[in-house]
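*Asks:* Sending over a structure as C-alpha coordinates; questions will come in a sec.
The values are calculated or read from the model by the stated rules, or taken from the named source; none is laboratory data. Everything numeric here is computed off the predicted structure, so don't read it as measured data. Positions of Cβ are backbone-derived with ideal geometry, glycine not excepted, and every protein chain shown enters the neighbour counts. Each accessible area value is taken on the protein alone, full model and side chains, heavy atoms only, with ligands, DNA and RNA left out. Shrake-Rupley method; radii C 1.70, N 1.55, O 1.52, S 1.80 Å.
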Amino acid sequence: MSFWDGQDTSKPAENFKDGSLSAARLYPTSASFAELEKEMKDNIVYTQQDSTTYLVGTNIDRQSYKYTSKTSEEQKTSTKKALLNKDFRQAIAFGFDRTAYASQLNGQNGASKILRNIFVPPTFVQADGKSFGDMVKEKLVTYGDEWKDVNLADAQDGLYNPEKAKAEFAKAKAALQAEGVTFPIHLDMPVDQTATTKVQRVQSMKQSLEATLGTDNVIIDIQQLQKDEVLNVTLFAQTAAGEDWDLSDNVGWGPDFSDPSTYLDIIKPSVGENTRTYLGFDSGKDNEAAKKVGLNDYDKMVNEAGEETTDVTKRYNKYAEAQAWLTDSALVIPTTSRTGRPILSKMVPFTLPFSFSGNKGTSDPLRYKYLELQDKAVTADEYQKAQDKWMKEKEESNKKVQEELAKHVK
(Lines give C-alpha, C1' and ligand atoms only; values in the text may rest on other atoms or scores of the structure.)
Protein backbone atom coordinates (compact mmCIF):
# COMPACT_ATOMS: atom_id res chain seq x y z
CA MET A 1 0.00 0.00 0.00
CA SER A 2 1.18 3.51 -0.73
CA PHE A 3 -0.20 6.79 0.60
CA TRP A 4 -0.84 9.66 -1.82
CA ASP A 5 -2.10 13.06 -0.69
CA GLY A 6 -3.94 13.78 -3.95
CA GLN A 7 -2.10 16.97 -4.85
CA ASP A 8 0.31 15.96 -7.61
CA THR A 9 -2.00 14.14 -10.03
CA SER A 10 0.91 12.91 -12.15
CA LYS A 11 2.50 11.03 -9.23
CA PRO A 12 0.46 7.77 -9.37
CA ALA A 13 1.32 7.24 -13.04
CA GLU A 14 4.99 7.95 -12.40
CA ASN A 15 4.98 5.48 -9.49
CA PHE A 16 3.35 2.89 -11.75
CA LYS A 17 5.98 3.35 -14.44
CA ASP A 18 8.87 3.00 -12.00
CA GLY A 19 7.39 -0.21 -10.59
CA SER A 20 6.26 1.13 -7.22
CA LEU A 21 2.57 0.52 -7.89
CA SER A 22 0.64 -2.34 -9.48
CA ALA A 23 -2.19 -0.01 -10.48
CA ALA A 24 -2.61 3.75 -10.75
CA ARG A 25 -5.62 6.04 -11.17
CA LEU A 26 -5.15 8.56 -14.01
CA TYR A 27 -6.35 12.16 -14.25
CA PRO A 28 -7.08 13.18 -17.86
CA THR A 29 -7.44 16.86 -16.94
CA SER A 30 -3.94 17.07 -15.47
CA ALA A 31 -1.21 18.92 -17.36
CA SER A 32 0.91 15.77 -17.70
CA PHE A 33 -1.81 13.53 -19.12
CA ALA A 34 -1.29 14.39 -22.81
CA GLU A 35 2.32 13.23 -22.65
CA LEU A 36 1.38 10.13 -20.68
CA GLU A 37 -1.31 9.28 -23.22
CA LYS A 38 1.23 9.38 -26.05
CA GLU A 39 3.53 7.06 -24.14
CA MET A 40 0.98 4.57 -22.76
CA LYS A 41 -2.11 4.99 -24.92
CA ASP A 42 -2.56 1.24 -25.50
CA ASN A 43 -2.46 0.61 -21.74
CA ILE A 44 -5.05 3.11 -20.54
CA VAL A 45 -8.02 1.07 -19.33
CA TYR A 46 -11.43 2.34 -18.20
CA THR A 47 -12.88 0.24 -15.40
CA GLN A 48 -16.49 -0.89 -15.20
CA GLN A 49 -19.01 1.34 -13.46
CA ASP A 50 -19.77 0.35 -9.89
CA SER A 51 -22.90 0.78 -7.78
CA THR A 52 -21.92 3.99 -5.98
CA THR A 53 -24.04 6.89 -7.23
CA TYR A 54 -23.07 10.54 -6.84
CA LEU A 55 -25.80 13.18 -7.02
CA VAL A 56 -26.72 16.84 -6.79
CA GLY A 57 -28.98 17.35 -3.78
CA THR A 58 -31.64 20.05 -3.36
CA ASN A 59 -32.11 21.89 -0.06
CA ILE A 60 -35.87 22.39 0.10
CA ASP A 61 -35.88 23.91 3.60
CA ARG A 62 -32.71 25.96 4.01
CA GLN A 63 -32.32 27.72 7.36
CA SER A 64 -28.68 28.90 7.48
CA TYR A 65 -27.13 31.63 5.33
CA LYS A 66 -23.57 32.07 6.57
CA TYR A 67 -22.15 31.17 3.15
CA THR A 68 -24.32 32.91 0.59
CA SER A 69 -24.32 35.51 -2.15
CA LYS A 70 -27.93 36.46 -1.47
CA THR A 71 -28.29 40.10 -0.47
CA SER A 72 -31.92 40.26 0.67
CA GLU A 73 -34.71 38.32 2.36
CA GLU A 74 -36.59 38.53 -0.93
CA GLN A 75 -33.86 36.54 -2.67
CA LYS A 76 -33.92 33.90 0.09
CA THR A 77 -37.69 33.56 -0.10
CA SER A 78 -37.68 33.44 -3.91
CA THR A 79 -35.08 30.67 -3.94
CA LYS A 80 -37.03 28.63 -1.39
CA LYS A 81 -40.23 28.89 -3.41
CA ALA A 82 -38.40 28.04 -6.63
CA LEU A 83 -36.86 24.87 -5.18
CA LEU A 84 -40.31 23.71 -4.01
CA ASN A 85 -41.55 23.93 -7.61
CA LYS A 86 -41.16 20.64 -9.54
CA ASP A 87 -41.01 22.32 -12.95
CA PHE A 88 -38.16 24.52 -11.73
CA ARG A 89 -36.24 21.50 -10.41
CA GLN A 90 -36.82 19.66 -13.69
CA ALA A 91 -35.47 22.68 -15.56
CA ILE A 92 -32.27 22.31 -13.50
CA ALA A 93 -32.10 18.57 -14.21
CA PHE A 94 -32.63 18.97 -17.97
CA GLY A 95 -30.46 22.09 -18.27
CA PHE A 96 -27.39 20.60 -16.58
CA ASP A 97 -24.80 19.28 -19.07
CA ARG A 98 -23.52 16.31 -17.08
CA THR A 99 -21.16 15.14 -19.82
CA ALA A 100 -19.30 18.46 -19.57
CA TYR A 101 -19.43 18.09 -15.77
CA ALA A 102 -17.94 14.57 -15.89
CA SER A 103 -15.26 15.62 -18.37
CA GLN A 104 -13.71 17.83 -15.67
CA LEU A 105 -12.80 14.59 -13.90
CA ASN A 106 -12.53 11.97 -16.65
CA GLY A 107 -11.57 14.05 -19.68
CA GLN A 108 -13.63 14.42 -22.83
CA ASN A 109 -12.96 10.89 -24.07
CA GLY A 110 -13.92 9.29 -20.78
CA ALA A 111 -16.72 11.59 -19.61
CA SER A 112 -19.60 9.37 -20.68
CA LYS A 113 -18.04 6.30 -19.06
CA ILE A 114 -19.02 7.40 -15.53
CA LEU A 115 -22.45 8.94 -16.17
CA ARG A 116 -25.50 7.70 -14.27
CA ASN A 117 -29.15 8.72 -14.74
CA ILE A 118 -31.06 7.19 -11.80
CA PHE A 119 -30.24 6.84 -8.12
CA VAL A 120 -30.53 3.03 -8.09
CA PRO A 121 -28.18 1.83 -10.87
CA PRO A 122 -30.23 0.53 -13.83
CA THR A 123 -28.66 -2.95 -13.73
CA PHE A 124 -28.53 -3.26 -9.93
CA VAL A 125 -31.29 -5.91 -9.81
CA GLN A 126 -33.38 -7.80 -12.35
CA ALA A 127 -36.72 -9.59 -12.30
CA ASP A 128 -38.96 -11.26 -14.86
CA GLY A 129 -36.34 -10.74 -17.58
CA LYS A 130 -36.14 -6.99 -17.05
CA SER A 131 -33.48 -4.79 -15.50
CA PHE A 132 -34.46 -2.34 -12.79
CA GLY A 133 -33.86 0.52 -15.22
CA ASP A 134 -36.36 -0.97 -17.69
CA MET A 135 -38.95 -1.26 -14.91
CA VAL A 136 -38.40 2.37 -13.94
CA LYS A 137 -38.70 3.52 -17.54
CA GLU A 138 -42.13 1.87 -17.85
CA LYS A 139 -43.35 3.81 -14.82
CA LEU A 140 -41.61 7.08 -15.63
CA VAL A 141 -43.25 7.64 -19.01
CA THR A 142 -46.64 7.87 -17.29
CA TYR A 143 -45.55 11.10 -15.58
CA GLY A 144 -45.44 13.15 -18.78
CA ASP A 145 -44.18 13.50 -22.35
CA GLU A 146 -40.87 14.92 -21.12
CA TRP A 147 -39.87 11.37 -20.11
CA LYS A 148 -40.92 9.39 -23.20
CA ASP A 149 -37.53 9.54 -24.94
CA VAL A 150 -35.27 9.52 -21.86
CA ASN A 151 -32.62 6.77 -21.78
CA LEU A 152 -31.86 5.63 -18.22
CA ALA A 153 -28.88 3.40 -19.11
CA ASP A 154 -25.47 4.11 -17.62
CA ALA A 155 -22.56 5.65 -19.56
CA GLN A 156 -24.59 8.29 -21.44
CA ASP A 157 -26.44 11.48 -20.49
CA GLY A 158 -30.13 10.67 -20.71
CA LEU A 159 -31.25 13.88 -18.99
CA TYR A 160 -29.53 16.88 -20.61
CA ASN A 161 -31.94 18.56 -23.00
CA PRO A 162 -31.88 22.38 -23.24
CA GLU A 163 -35.24 22.55 -25.02
CA LYS A 164 -36.96 20.56 -22.30
CA ALA A 165 -35.20 22.67 -19.68
CA LYS A 166 -36.51 25.89 -21.23
CA ALA A 167 -40.03 24.48 -21.51
CA GLU A 168 -40.12 23.36 -17.88
CA PHE A 169 -38.64 26.66 -16.75
CA ALA A 170 -41.29 28.64 -18.64
CA LYS A 171 -44.00 26.76 -16.74
CA ALA A 172 -42.17 27.28 -13.45
CA LYS A 173 -41.58 30.98 -14.01
CA ALA A 174 -45.23 31.71 -14.76
CA ALA A 175 -46.36 29.91 -11.60
CA LEU A 176 -43.64 31.42 -9.41
CA GLN A 177 -44.23 34.98 -10.59
CA ALA A 178 -47.87 34.53 -9.61
CA GLU A 179 -46.55 33.74 -6.11
CA GLY A 180 -44.51 36.93 -6.03
CA VAL A 181 -41.14 35.33 -6.78
CA THR A 182 -38.51 37.65 -8.25
CA PHE A 183 -35.82 36.60 -10.72
CA PRO A 184 -33.02 35.69 -11.15
CA ILE A 185 -33.04 32.84 -8.67
CA HIS A 186 -29.71 32.68 -6.83
CA LEU A 187 -28.54 29.14 -5.95
CA ASP A 188 -25.59 28.74 -3.57
CA MET A 189 -23.30 25.73 -4.17
CA PRO A 190 -20.47 25.02 -1.67
CA VAL A 191 -17.24 23.46 -2.90
CA ASP A 192 -13.85 22.61 -1.41
CA GLN A 193 -11.58 25.27 -2.90
CA THR A 194 -8.52 22.98 -2.71
CA ALA A 195 -10.19 20.18 -4.74
CA THR A 196 -9.33 21.31 -8.26
CA THR A 197 -11.54 18.89 -10.18
CA LYS A 198 -14.48 19.54 -7.82
CA VAL A 199 -14.24 23.28 -8.41
CA GLN A 200 -14.06 22.68 -12.16
CA ARG A 201 -17.13 20.45 -12.05
CA VAL A 202 -19.23 23.00 -10.18
CA GLN A 203 -18.03 25.72 -12.54
CA SER A 204 -19.08 23.52 -15.47
CA MET A 205 -22.53 23.03 -13.96
CA LYS A 206 -22.86 26.79 -13.47
CA GLN A 207 -21.83 27.44 -17.06
CA SER A 208 -24.29 25.00 -18.65
CA LEU A 209 -27.27 25.99 -16.49
CA GLU A 210 -26.77 29.72 -16.95
CA ALA A 211 -26.24 29.27 -20.69
CA THR A 212 -29.43 27.20 -21.00
CA LEU A 213 -31.75 29.15 -18.71
CA GLY A 214 -30.16 32.61 -18.88
CA THR A 215 -28.58 34.62 -16.07
CA ASP A 216 -31.70 36.77 -15.96
CA ASN A 217 -33.45 33.64 -14.68
CA VAL A 218 -30.92 31.54 -12.74
CA ILE A 219 -27.49 32.26 -11.24
CA ILE A 220 -25.34 29.60 -9.59
CA ASP A 221 -23.31 31.26 -6.82
CA ILE A 222 -20.29 29.05 -6.14
CA GLN A 223 -19.13 29.29 -2.52
CA GLN A 224 -15.46 28.26 -2.47
CA LEU A 225 -14.69 27.23 1.12
CA GLN A 226 -12.05 25.44 3.13
CA LYS A 227 -12.57 21.67 3.15
CA ASP A 228 -13.57 21.64 6.84
CA GLU A 229 -16.10 24.40 6.22
CA VAL A 230 -17.70 22.48 3.35
CA LEU A 231 -17.95 19.32 5.45
CA ASN A 232 -19.40 21.21 8.41
CA VAL A 233 -22.26 22.66 6.35
CA THR A 234 -22.98 19.44 4.42
CA LEU A 235 -22.02 15.94 5.55
CA PHE A 236 -21.11 16.80 9.16
CA ALA A 237 -23.99 19.17 9.90
CA GLN A 238 -25.64 17.77 13.04
CA THR A 239 -29.11 19.00 12.13
CA ALA A 240 -30.83 20.36 9.04
CA ALA A 241 -30.41 23.85 10.45
CA GLY A 242 -26.69 23.57 9.67
CA GLU A 243 -27.15 22.61 6.01
CA ASP A 244 -26.01 25.90 4.49
CA TRP A 245 -26.56 25.50 0.73
CA ASP A 246 -29.19 25.39 -2.03
CA LEU A 247 -27.62 22.81 -4.36
CA SER A 248 -24.82 20.44 -3.35
CA ASP A 249 -22.87 17.79 -5.23
CA ASN A 250 -21.19 16.68 -1.99
CA VAL A 251 -23.62 13.76 -1.98
CA GLY A 252 -23.22 10.08 -2.82
CA TRP A 253 -24.30 6.61 -1.76
CA GLY A 254 -23.10 3.03 -2.15
CA PRO A 255 -25.36 0.04 -1.38
CA ASP A 256 -25.11 -2.17 1.70
CA PHE A 257 -27.00 -5.09 0.17
CA SER A 258 -28.59 -6.14 -3.14
CA ASP A 259 -32.06 -4.64 -2.88
CA PRO A 260 -33.35 -1.24 -4.10
CA SER A 261 -34.36 -0.39 -0.52
CA THR A 262 -30.70 0.17 0.35
CA TYR A 263 -30.87 3.34 -1.78
CA LEU A 264 -34.49 4.46 -1.60
CA ASP A 265 -35.00 4.07 2.16
CA ILE A 266 -32.38 6.65 3.04
CA ILE A 267 -34.46 9.65 1.97
CA LYS A 268 -37.85 8.61 3.35
CA PRO A 269 -39.20 11.66 5.25
CA SER A 270 -40.34 9.42 8.10
CA VAL A 271 -37.08 7.69 9.02
CA GLY A 272 -34.54 8.33 6.25
CA GLU A 273 -30.98 8.69 7.50
CA ASN A 274 -29.92 11.05 4.69
CA THR A 275 -32.83 13.48 4.27
CA ARG A 276 -30.68 16.15 5.91
CA THR A 277 -27.62 15.91 3.64
CA TYR A 278 -29.63 15.22 0.46
CA LEU A 279 -32.68 17.45 0.91
CA GLY A 280 -32.03 19.79 3.83
CA PHE A 281 -34.58 18.58 6.37
CA ASP A 282 -34.54 16.22 9.35
CA SER A 283 -36.61 13.06 8.95
CA GLY A 284 -39.35 12.23 11.42
CA LYS A 285 -40.22 15.88 12.01
CA ASP A 286 -43.33 16.13 9.77
CA ASN A 287 -41.50 18.71 7.68
CA GLU A 288 -43.75 21.14 5.80
CA ALA A 289 -41.43 21.45 2.77
CA ALA A 290 -41.30 17.65 2.45
CA LYS A 291 -45.11 17.61 2.37
CA LYS A 292 -45.23 20.31 -0.31
CA VAL A 293 -42.97 18.41 -2.70
CA GLY A 294 -44.93 15.17 -2.20
CA LEU A 295 -42.37 13.18 -0.25
CA ASN A 296 -45.09 11.65 1.92
CA ASP A 297 -46.33 9.90 -1.24
CA TYR A 298 -42.79 8.69 -1.88
CA ASP A 299 -42.60 7.42 1.71
CA LYS A 300 -45.78 5.42 1.19
CA MET A 301 -44.51 3.88 -2.06
CA VAL A 302 -41.22 2.80 -0.51
CA ASN A 303 -42.99 1.35 2.53
CA GLU A 304 -45.39 -0.63 0.34
CA ALA A 305 -42.47 -2.01 -1.65
CA GLY A 306 -40.71 -3.06 1.54
CA GLU A 307 -43.81 -4.88 2.74
CA GLU A 308 -43.82 -7.12 -0.37
CA THR A 309 -41.67 -10.03 0.82
CA THR A 310 -42.98 -13.03 -1.13
CA ASP A 311 -42.85 -11.99 -4.81
CA VAL A 312 -39.55 -10.45 -5.94
CA THR A 313 -41.00 -9.21 -9.24
CA LYS A 314 -43.79 -7.35 -7.45
CA ARG A 315 -41.31 -6.02 -4.91
CA TYR A 316 -38.93 -4.63 -7.53
CA ASN A 317 -41.78 -3.17 -9.56
CA LYS A 318 -43.01 -1.32 -6.49
CA TYR A 319 -39.51 0.02 -5.88
CA ALA A 320 -39.37 1.00 -9.55
CA GLU A 321 -42.52 3.05 -8.98
CA ALA A 322 -40.79 4.87 -6.13
CA GLN A 323 -37.65 5.46 -8.24
CA ALA A 324 -39.78 6.78 -11.11
CA TRP A 325 -41.47 9.22 -8.72
CA LEU A 326 -38.07 10.31 -7.41
CA THR A 327 -36.71 10.85 -10.92
CA ASP A 328 -39.74 12.87 -11.95
CA SER A 329 -39.47 14.97 -8.78
CA ALA A 330 -35.90 16.05 -9.66
CA LEU A 331 -35.20 16.41 -5.95
CA VAL A 332 -31.89 14.61 -6.44
CA ILE A 333 -30.05 14.60 -9.77
CA PRO A 334 -27.72 11.62 -10.37
CA THR A 335 -24.39 12.53 -11.94
CA THR A 336 -21.75 9.80 -11.94
CA SER A 337 -20.59 6.48 -10.53
CA ARG A 338 -17.41 6.11 -8.48
CA THR A 339 -15.65 3.87 -11.01
CA GLY A 340 -15.52 3.95 -14.78
CA ARG A 341 -12.31 5.92 -14.57
CA PRO A 342 -8.98 5.41 -16.39
CA ILE A 343 -6.17 3.39 -14.84
CA LEU A 344 -2.84 1.80 -15.61
CA SER A 345 -2.73 -1.71 -14.20
CA LYS A 346 -0.78 -4.96 -13.95
CA MET A 347 -3.77 -6.71 -12.39
CA VAL A 348 -5.00 -9.57 -14.58
CA PRO A 349 -8.48 -8.36 -15.62
CA PHE A 350 -11.43 -9.92 -13.77
CA THR A 351 -9.42 -12.13 -11.44
CA LEU A 352 -10.84 -10.17 -8.52
CA PRO A 353 -14.32 -11.21 -7.36
CA PHE A 354 -17.19 -8.90 -8.29
CA SER A 355 -20.28 -7.71 -6.46
CA PHE A 356 -22.46 -4.61 -6.57
CA SER A 357 -22.81 -4.76 -2.79
CA GLY A 358 -21.38 -6.54 0.23
CA ASN A 359 -17.79 -6.78 1.45
CA LYS A 360 -16.32 -9.48 -0.80
CA GLY A 361 -16.25 -7.81 -4.16
CA THR A 362 -15.22 -4.70 -6.02
CA SER A 363 -17.43 -2.58 -3.77
CA ASP A 364 -14.53 -2.85 -1.32
CA PRO A 365 -11.32 -1.59 -2.97
CA LEU A 366 -9.12 -3.20 -0.30
CA ARG A 367 -10.05 -6.80 -1.11
CA TYR A 368 -7.32 -8.69 -2.97
CA LYS A 369 -8.33 -12.36 -2.66
CA TYR A 370 -7.91 -14.21 -6.00
CA LEU A 371 -6.09 -11.23 -7.55
CA GLU A 372 -3.44 -12.17 -10.08
CA LEU A 373 -0.70 -9.88 -11.37
CA GLN A 374 1.14 -9.90 -14.66
CA ASP A 375 4.59 -8.55 -15.51
CA LYS A 376 3.52 -5.98 -18.10
CA ALA A 377 0.82 -3.33 -18.07
CA VAL A 378 -2.57 -4.60 -19.20
CA THR A 379 -3.54 -3.35 -22.65
CA ALA A 380 -6.96 -1.96 -23.44
CA ASP A 381 -7.44 -4.82 -25.91
CA GLU A 382 -6.61 -7.44 -23.25
CA TYR A 383 -9.04 -5.82 -20.85
CA GLN A 384 -11.86 -5.72 -23.40
CA LYS A 385 -11.43 -9.38 -24.36
CA ALA A 386 -11.41 -10.38 -20.69
CA GLN A 387 -14.51 -8.28 -20.05
CA ASP A 388 -16.40 -9.82 -22.97
CA LYS A 389 -15.55 -13.32 -21.69
CA TRP A 390 -16.53 -12.38 -18.13
CA MET A 391 -19.84 -10.83 -19.20
CA LYS A 392 -20.76 -13.96 -21.16
CA GLU A 393 -19.97 -16.19 -18.19
CA LYS A 394 -21.90 -13.87 -15.88
CA GLU A 395 -24.96 -13.99 -18.13
CA GLU A 396 -24.87 -17.77 -18.24
CA SER A 397 -24.45 -17.99 -14.47
CA ASN A 398 -27.32 -15.58 -13.83
CA LYS A 399 -29.56 -17.56 -16.17
CA LYS A 400 -28.89 -20.77 -14.24
CA VAL A 401 -29.69 -19.04 -10.95
CA GLN A 402 -32.96 -17.64 -12.32
CA GLU A 403 -33.95 -21.08 -13.58
CA GLU A 404 -33.30 -22.59 -10.16
CA LEU A 405 -35.27 -19.84 -8.44
CA ALA A 406 -38.19 -20.41 -10.81
CA LYS A 407 -38.25 -24.11 -9.88
CA HIS A 408 -38.49 -23.29 -6.17
CA VAL A 409 -41.20 -20.68 -6.73
CA LYS A 410 -43.31 -23.25 -8.58
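*Asks:* Looking only at region 31-46, which residues are closer than 15 Å to Leu105 by Cα and open to solvent by 100 Å² or more (accessible area, probe 1.4 Å)?
*Replies:* Result: Ala31, single match.
*Asks:* Six or more apart or on different chains, Cβ atoms under 8 Å: show the pairs whose first residue is in region 278-300 and in a loop (DSSP other than H, G, I, E, B) and whose second is of a type in the set (Ser, Thr, Tyr) and exposed (fewer than 14 other Cβ atoms within 10 Å of the Cβ).
*Replies:* Listed pairs, sorted by first residue: Asp282/Thr239.
*Asks:* Out of all the residues in region 370-401, which are open to solvent by less than 80 Å² (accessible area, probe 1.4 Å), under 27 Å from the mean Cα position of the chain (by Cα) and not polar (S, T, N, Q)?
*Replies:* Listed by number, the residues that qualify are Ala380, Tyr383, Trp390, Lys394.
*Asks:* I've got another one for you. Among the candidates Gln49, Gln108, which residue alone is out of contact with any Gly (no Cβ under 6 Å at 6 or more places or on another chain) and open to solvent by 10 Å² or more (accessible area, probe 1.4 Å)?
*Replies:* The unique qualifying residue is Gln108.
Residue-wise test of (1) among the hydrophobic types (A, V, I, L, M, F, W, C); (2) assigned to a loop (DSSP other than H, G, I, E, B).
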site	(1), (2)
Ser2	no, yes
Pro12	no, no
Ala31	yes, yes
Leu36	yes, no
Lys41	no, no
Ser64	no, yes
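*Asks:* Let me ask another. Working only within region 235-254, note down all residues that are assigned to a loop (DSSP other than H, G, I, E, B) and either more than 19 Å from the chain's Cα centre (by Cα) or surrounded by fewer than 23 Cβ atoms within 10 Å (Cβ to Cβ) (or both).
*Replies:* Those that are assigned to a loop (DSSP other than H, G, I, E, B) and either more than 19 Å from the chain's Cα centre (by Cα) or surrounded by fewer than 23 Cβ atoms within 10 Å (Cβ to Cβ) (or both): Leu235, Phe236, Ala237, Gln238, Thr239, Glu243, Asp244, Gly254.
*Asks:* Kindly indicate which of Asp87, Asp145 is touching an Asp or Glu at 6+ places or on another chain (Cβ under 9 Å) and either over 28 Å from Ser355 (Cβ atoms) or of a type in the set (Gly, Ala, Ser) (or both).
*Replies:* Going through Asp87, Asp145 in turn, the sole match is Asp87.
*Asks:* Still on this model: For region 93-124, give me each residue that is assigned to a helix (DSSP H, G or I), touching an Asp or Glu at 6+ places or on another chain (Cβ under 7 Å) and closer than 26 Å to Ile266 by Cβ.
*Replies:* Phe94, Arg98
*Asks:* Kindly establish whether Arg62 is at pLDDT 95 or above and either more than 22 Å from Ala211 (Cα to Cα) or surrounded by 17 or more Cβ atoms within 10 Å (Cβ to Cβ) (or both).
*Replies:* So Arg62 fits the description; yes.
*Asks:* Can you tell me how many residues in region 314-337 are within 19 Å of Thr142 (Cα to Cα) and touching a residue at least 24 places away in the same chain (Cβ under 8 Å)?
*Replies:* 15
*Asks:* Another question about this same structure. Take region 130-179 and flag every residue that is open to solvent by less than 10 Å² (accessible area, probe 1.4 Å), of a type in the set (A, V, I, L, M) and in a helix (DSSP H, G or I).
*Replies:* If the condition is that a residue be open to solvent by less than 10 Å² (accessible area, probe 1.4 Å), of a type in the set (A, V, I, L, M) and in a helix (DSSP H, G or I), then Met135, Val136, Leu140, Ala165, Ala172, Leu176 are the ones that fit.
*Asks:* In this structure, is Thr71 in contact with a strand residue (DSSP E or B) (Cβ under 9 Å, 6 or more places away or on another chain) and open to solvent by 50 Å² or more (accessible area, probe 1.4 Å)?
*Replies:* Against the criterion (in contact with a strand residue (DSSP E or B) (Cβ under 9 Å, 6 or more places away or on another chain) and open to solvent by 50 Å² or more (accessible area, probe 1.4 Å)), Thr71 qualifies.
*Asks:* Restricting to region 206-234, name every residue that is farther than 22 Å from Arg276 by Cβ, in contact (Cβ under 8 Å) with a residue 24 or more places away in the chain, assigned to a helix (DSSP H, G or I) and open to solvent by less than 60 Å² (accessible area, probe 1.4 Å).
*Replies:* Residues satisfying the conditions are Ser208, Leu209, Thr212, Leu213.
*Asks:* Right, something else. Taking region 79-102, which residues are within 18 Å of Ala290 (Cβ to Cβ) and either free of Cβ contacts under 8 Å to residues at least 24 places away in the same chain or not polar (S, T, N, Q) (or both)?
*Replies:* Scanning region 79-102 gives Lys80, Lys81, Ala82, Leu83, Leu84, Lys86, Phe88, Arg89.
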